[in-house]
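Structure, as structure tokens:
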Amino acid sequence: MKINCGTDIIEVKRIKNAVEKWGKGFLKRIFTQQEIDYSLHRSFCFEHLSARFAAKEAVFKAFGTGFSSADFKNVEIVNDQRGRPYVILKGNMKFLFGKLFAEQLTISMSHTQSLAQAVAILVVKDV
């Protein structure tokens, strides 16, 4: 078994500035509708968006893929009924999960008013 770790940290003001500058276009390019709806209905919406952005980048790092070819919407960050975040992979990321013989993908996110961070752990089966 191999364990890949990805981590990311971002300043909340970077996401806030991007949303204020590019509006819905930015949101729809990076986030799924479910992620947008979840975050915008929270008191600290920019912190929630930032944590999801960091989680997506952490997932890409755990997979070892580059950001230039990444489709951020192929990594969706949702919460279970208890509030615990988990990842839904789509498209090329779902394909890559299978191609790597991955067994598990786990994330953890946290944020303050100024920073959001995330860690992704990808467990890959020895082949």
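The numbers here are math on the coordinates, done by the rules we state, and not lab data. Worth saying up front: this structure is predicted, and the values here are computed from it rather than measured. Neighbour counts run over all protein chains shown; Cβ positions are idealised from the backbone, glycine included.
If I build a Gaussian network model for the chain, linking alpha-carbon pairs within less than 10 angstrom, which residue out of GLN34, GLN81, GLN104 has the largest mean-square fluctuation?
GLN81
Pick from SER114, SER39, SER50 the residue whose mean-square fluctuation is largest in a GNM of the chain, springs joining Cα atoms under 10 Å.
Maximum among the listed residues: SER114.
So between ASP126 and THR106, what do we pick up on full extension, going 0.36 nm a residue minus the alpha carbon distance?
Working: separation 20, 0.36 × 20 = 7.20 nm, distance 1.82 nm.
Full extension of this stretch gives 5.4 nm more.
Could you work out the relative contact order of region 2-124? I mean the mean sequence separation of Cα pairs under 8 Å and 6+ apart, divided by the number of residues, in percent. Intermediate values should be presented prior to the final figure.
On the way: 222 pairs, mean separation 46.4, N = 123.
With pairs under 8 Å counted, the relative contact order is 38 percent.
Using DSSP to call loops (not H, G, I, E or B), can you name the chymotrypsin sites (Phe, Trp or Tyr not before Pro) in region 13-98 whose Cβ has at most 11 other Cβ atoms within 10 angstrom?
Numbers: sites: TRP22, PHE26, PHE31, TYR38, PHE44, PHE46, PHE53, PHE60, PHE63, PHE67, PHE72, TYR86, PHE95, PHE97; in loops: PHE31, PHE44, PHE67.
Answer in residue order: PHE67.
Given that just one value was derived from the coordinates, which of (i) 7.6; (ii) 8.4; (iii) 12.7 is mean projected area of the Cα convex hull in nm²?
(i)
Here is the link list: LYS13/LYS61; LYS2/LYS73; LYS24/LYS90; LYS28/LYS125. Which ones come out longer than 29 Å on Cα distance?
Working: LYS13/LYS61 22 Å; LYS2/LYS73 26 Å; LYS24/LYS90 22 Å; LYS28/LYS125 34 Å.
The answer is LYS28/LYS125.
What are the membrane-span-like helices in the chain by this rule: whole DSSP H runs, Cα extent along the axis at least 20 Å, mean Kyte-Doolittle hydropathy at least 0.0? Kindly include the intermediate steps, with their values, before the conclusion.
Values: long enough: 45-63 (27 Å, 0.39).
Helices passing the filter in the chain: 45-63.
Specify the residue with the greatest mean-square fluctuation among VAL19, VAL87, VAL75, computed from a Gaussian network of the chain linking alpha-carbon atoms under 10 Å apart.
It is VAL19.
Take the alpha carbon gyration tensor of region 9-48, find the square roots of its eigenvalues, order them as a ≥ b ≥ c, and report rounded if a/c is under 1.5; if not, report prolate when a/b exceeds b/c, else oblate.
Working: a/c = 1.62, a/b = 1.08, b/c = 1.51.
Note, shape of region 9-48 comes out oblate.
Add -39500 (n - 2.57) for each DSSP H run of 4 or more in the chain, then divide by its residues: what number comes out at 222 nm, to the nearest 500 deg cm²/dmol? All intermediate terms of the calculation are to be shown ahead of the outcome.
On the way: 5 runs with 54 residues, N = 127.
Counting only the DSSP helices, I get -13000 deg cm²/dmol.
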